[in-house]
1. Return the distance in nm (one decimal) between the two label points of a simple spin-label model at THR51 and TYR118, each offset 7 Å from Cα along Cα→Cβ.
2. Run the simple label-point estimate for GLU136 and HIS76 please: 7 Å along Cα→C-beta, distance reported in nm.
3. Angle, helix 194-206 long axis vs. longest principal axis of the chain, Cα atoms, 0 to 90°, nearest 10?
4. Compute the distance from the alpha-carbon center of segment 43-110 to that of segment 142-181, in whole Å.
5. What nm value, rounded to one decimal, do you get for the distance between THR176 and ASP18 when each label is placed 7 Å out toward the C-beta?
6. Given R₀ = 35 Å, FRET efficiency for GLU199-LYS30 by Cβ-Cβ distance, to 0.05?
7. Quick query: amide H of ASN53 versus all other amide H atoms, modeled in the peptide plane; which residues come in under 5 Å with a sequence gap of 5 or more or a different chain?
8. Could you work out how far helix 134-147 tilts from the main Cα principal axis of the chain, as a 0 to 90 degree angle to the nearest 10?
Amino acid sequence: MNEGYIYIYKCVVGSGSDVCKIGITKDYHKRMQQHVRTPYYGFMPYIEFTTGNPIATVFKINDYSSADKIINRIFHDVQFGNFEIYSIDYDEAIRKLYNELNNNNQLVELIKDNYSLYSFLDNNIEESNINTNKKEFESVKNQLLEKYNNILPDALMTMLKDKDDFIENCHSHYSTGNYIDFPSNLVLDLNYNKEKRIEILNKLRELL
């Protein structure tokens, strides 16, 4: 797995103007500080008064190599030439990117800026009380193994990964312990945001 980050920040270009910088990086902390020291082609991010950090929304994604294609697909029509600058409302850019990544199973984590309302997430409030901890997945796994007599159905197999490959290629996920062991040296990766874990849990329960 080739994880990375897509970040969005609103640029300081005068009142009433909707201009955002949207970029990709492997280390968003360093990239944000770089943009503060040397603004991207003069486009300065808004800065937190107390910390001096840029006010940005960051998306951790599964596949860094596909990030450019994702950004181009969504924002090409509002891009300034070949620059990573876009004429779009900050909140609208966040919403569009969130939906695109979530719908294509790319979103690992949404890292909020502590200022925006993220009102488009309100429709997920009813899901906030759903238990998605590891014990819940272990319970469903045990029910599945009992139902299928330890023979994994094809629909479940498509959700699992070879454990050796998982350790080698997704070591950051493996090191967190957010996975479930299955027979035949297979694992179910749980190192996702809550919305994605709810989706996985629902797919498992459909097999019961």
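The values are calculated or read from the model by the stated rules, or taken from the named source; none is laboratory data. Remember, predicted model here, so these are calculated numbers, not experimental data. Cβ placement follows ideal geometry from the backbone for every residue including glycine, while neighbour counts extend to all protein chains displayed. The area values use the complete protein model at the heavy-atom level, side chains included, leaving out ligands, DNA and RNA. Shrake-Rupley method; radii C 1.70, N 1.55, O 1.52, S 1.80 Å.
1. Computed distance between label sites THR51 and TYR118 equals 1.4 nm.
2. 3.9
3. Result, in degrees: 30.
4. Answer, in whole Å: 31.
5. Placing both labels 7 Å along Cα→Cβ, they lie 3.2 nm apart.
6. Numbers: r = 32 Å, r/R0 = 0.91.
E(calc), rounded to 0.05, equals 0.65.
7. Those qualifying (amide H under 5 Å, at least 5 residues apart or on another chain) are GLU48.
8. 40
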